[in-house]
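Participant: There's a structure below that I have some questions on.
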Amino acid sequence: MRAQATRPRRIWPWILLALIVISAIIAALTVLVWNPGGSQPTATPTANVSGTPAPDAEPTGCLGGTERDAAMVLAAQAAAPHTSNGAIEVATAFVRWLNQFPYPATADIAAIEENGLASNAPTKDIAGFFAGSPNLSGGLVPDGTGYYLSTLPGVYYLEATAADDVTASIGTALVIDGELSSTLKGSITVTMTWEDDSWKFVSSVGTRSTEELYSIGRPFTGGC
């Protein structure tokens, strides 16, 4: 997470720390999406993960609905196509669900542990992670203060695809005590895999600075 004006070079720390993240996902994904000429890739038409061109709507940033519960994530999973943009939609849904305070309800955590995580995710113990009372804003929001993420000013950047895996960076803004911040934004890079006919979360890591991601990312077409 970076505060653009006052906290330069700060990487968003909500990676599920040692629990869900810290996996060498980038090393396993070798098909990077930037081209040698330096221009950015277009989002549509994209390709499905087998390489066949397919029409695909640009990510809205709000697939599954405006709520931040497990039902929203599972609805995004059910609706997202087997394409890179589909993976980006579900990755964004997971990020919106994970990063909020108060934390998600116990039943929601159980539902995501059961249905939202890939079999090769480094850990399935999201409940244990929340039991440690982490401040997922990295201290940008004081402990005990309500906040969540918004994709209304959000962006995305497709980093890599390989087989049934997609890695994308997601940029969001913080909403603190119901007020959308004009300066506090976050950047996280998420890997998803296609498994059991849906996109599931593998891991996430702080890869790009907020400034970099917002300079190269494409805005979501909707957002919430």
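Participant: From Thr189, Thr172, Thr183, Thr161, grab the single residue that is under 17 Å from Pro59 (Cβ atoms), out of contact with any Phe, Trp or Tyr (no Cβ under 8 Å at 6 or more places or on another chain) and modelled with pLDDT under 95.
Facilitator: Working: Thr189 fails: modelled with pLDDT under 95; Thr172 fails: modelled with pLDDT under 95; Thr183 fails: under 17 Å from Pro59 (Cβ atoms).
One residue alone meets the criteria, Thr161.
Participant: For the range 96-116, state whether one or more residues are modelled with pLDDT under 95, over 18 Å from the mean Cα position of the chain (by Cα) and loosely packed, with under 15 Cβ neighbours inside 10 Å.
Facilitator: Taking the range 96-116 first, the residues modelled with pLDDT under 95 are none.
Within the range 96-116, none of the residues are modelled with pLDDT under 95, over 18 Å from the mean Cα position of the chain (by Cα) and loosely packed, with under 15 Cβ neighbours inside 10 Å.
Participant: Asp177 fails exactly one of the following numbered conditions: (1) closer than 21 Å to Gly86 by Cβ; (2) out of contact with any helix residue (DSSP H, G or I) (no Cβ under 9 Å at 6 or more places or on another chain); (3) acidic (Asp, Glu). What is the number of that condition?
Facilitator: Tallying (1) closer than 21 Å to Gly86 by Cβ; (2) out of contact with any helix residue (DSSP H, G or I) (no Cβ under 9 Å at 6 or more places or on another chain); (3) acidic (Asp, Glu), Asp177 fails exactly one: (1).
Participant: While we're looking at this one, here's another question. From the residues in the range 140-151 that are hydroxyl-bearing (Ser, Thr, Tyr) and either under 30 Å from Ser119 (Cβ atoms) or within 14 Å of the chain's Cα centre (by Cα) (or both), which one is surrounded by the most Cβ atoms within 10 Å (Cβ to Cβ)?
Facilitator: Step one: of the range 140-151, the residues hydroxyl-bearing (Ser, Thr, Tyr) are 145, 147-148, 150-151.
Going one step further and asking which of them are either under 30 Å from Ser119 (Cβ atoms) or within 14 Å of the chain's Cα centre (by Cα) (or both), we end up with 148, 150-151.
Values: Tyr148: 17, Ser150: 18, Thr151: 24.
Looking at residues that are hydroxyl-bearing (Ser, Thr, Tyr) and either under 30 Å from Ser119 (Cβ atoms) or within 14 Å of the chain's Cα centre (by Cα) (or both), I get Thr151.
Participant: Any chance you could count how many residues in the range 170-192 are more than 13 Å from the chain's Cα centre (by Cα), within 23 Å of Ile88 (Cα to Cα) and polar (S, T, N, Q)?
Facilitator: 0
Participant: Within the range 172-224, can you find the residues that are surrounded by fewer than 17 Cβ atoms within 10 Å (Cβ to Cβ), without any contact (Cβ under 8 Å) to a residue 40 or more places away in the chain and not acidic (Asp, Glu)?
Facilitator: Gly178, Leu180, Ser182, Ser215
Participant: Same structure, new question: If we scan the range 152-162, do we find a residue that is free of Cβ contacts under 8 Å to residues at least 60 places away in the same chain and either part of a loop (DSSP other than H, G, I, E, B) or crowded, with 24+ Cβ neighbours inside 10 Å (or both)?
Facilitator: So in the range 152-162, the residues free of Cβ contacts under 8 Å to residues at least 60 places away in the same chain come out as none.
No, the conditions are met nowhere in the range 152-162.
The values are calculated or read from the model by the stated rules, or taken from the named source; none is laboratory data. Predicted, not measured: the structure shown is a model, and the values here were computed from it. Quick reminder, even Gly has a Cβ in these numbers, built from the backbone with ideal geometry, and neighbours come from all protein chains shown.
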